[in-house]
Amino acid sequence: DNVTKLDVKWAFGFPNSRTVFGQPSIVNGRVFVGSDTGEVYALNATTGCVHWMYKAENGVRTAITVAGIGNNRTAAFFGDGKGKVYAVNAENGQELWKAIAESHPTAKLTGAPVVFEDKLYVPVASGEEGAGGGEQVLPVLDERVEEALVLRDQAGHRCSSGSTTAGRGGRGRTRRRR
């Protein structure tokens, strides 16, 4: 009923950007959004002013997931177009860690990471799925620890380097921060 009376409150122009893929996330009075230039912004939801900006190594297509990580801290999680996942402090944009979620040469992160029971689930695409030869991979990262990724089987046991586990419809891999 009041839609016709709405006005634009503020607008944000992404510098040097052509495209914004991921939908914005609104948490604690801030709008979190990434761009094709790799810039991730935390904007004031009331004014549109930039609170902080973080520059990822490649374009960001995912939505930004904001979640508590303990000790009254929150992190913003997102992925880039080259298979790398990031965690930055949601308050100030300072990098907490970054890791390669999948090393396949055409890996890209296009779906938003999801936090569940202290683990970060990161959907990975490679662009080969439509051709019938690609793997779908769902790395699982423990966002509280900053060690190297360790390949695990479906039961959570450590695999030898380069091994994979059987998954539905072919090979499946689970990577986990331990």
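The values are calculated or read from the model by the stated rules, or taken from the named source; none is laboratory data. Because the structure is a prediction, the values reported are computed rather than measured. Cβ placement follows ideal geometry from the backbone for every residue including glycine, while neighbour counts extend to all protein chains displayed. Surface accessibility is based on the protein's heavy atoms, side chains included, excluding ligands, DNA and RNA. Shrake-Rupley method; radii C 1.70, N 1.55, O 1.52, S 1.80 Å.
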Interchain or long-range residues, amide H under 5 Å from LYS82's placed H: LEU109
From the phi angles alone, apply the Karplus equation (6.51, -1.76, 1.60; θ = phi - 60°) to the range 47-53 and give each ³J(HN,Hα) in whole Hz, x where the residue is Gly or Pro. 10, x, 6, 6, 8, 7, 9
Residue-ordered couplings for the range 106-111, obtained by feeding phi - 60° into the Karplus form 6.51 cos²θ - 1.76 cosθ + 1.60 and rounding to whole Hz (Gly and Pro as x), are 10, 5, 8, 9, 10, x
Counting only residues 5 or more apart in sequence or on a different chain, those whose built amide H sits under 5 Å from that of SER126 are LYS108
Where does each of SER17, SER103 land when they are ordered by accessible area, with a 1.4 Å probe and the largest first? SER103, SER17
Most to least accessible of GLU117, GLU102 (protein chains only, probe 1.4 Å): GLU117, GLU102
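Using Cα pairs closer than 8 Å and at least 6 residues apart in sequence, work out the relative contact order for the range 11-59, in percent.
Values: 85 pairs, mean separation 13.9, N = 49.
Relative contact order comes out at 28 percent.
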Taking amide hydrogens as modeled 1.01 Å from N in the peptide plane, which residues meet the under 5 Å criterion relative to THR74, leaving out close sequence neighbours? ILE69, ALA90, GLU91
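If you filter the range 18-102 for chymotrypsin sites (Phe, Trp or Tyr not before Pro), then keep DSSP loop positions with at most 15 other Cβ within 10 Å, what is left?
Values: sites: PHE21, PHE32, TYR41, TRP52, TYR54, PHE77, PHE78, TYR86, TRP97; in loops: PHE21.
Of the chymotrypsin sites (Phe, Trp or Tyr not before Pro), the ones in loops of the range 18-102 whose Cβ has at most 15 other Cβ atoms within 10 Å are PHE21.
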Could you derive backbone 3J(HN,Hα) for the range 67-72 from the dihedral phi with the Karplus parameters 6.51, -1.76 and 1.60 (θ = phi - 60°), listing whole Hz in sequence and x where the residue is Gly or Pro? 8, x, 10, x, 6, 6
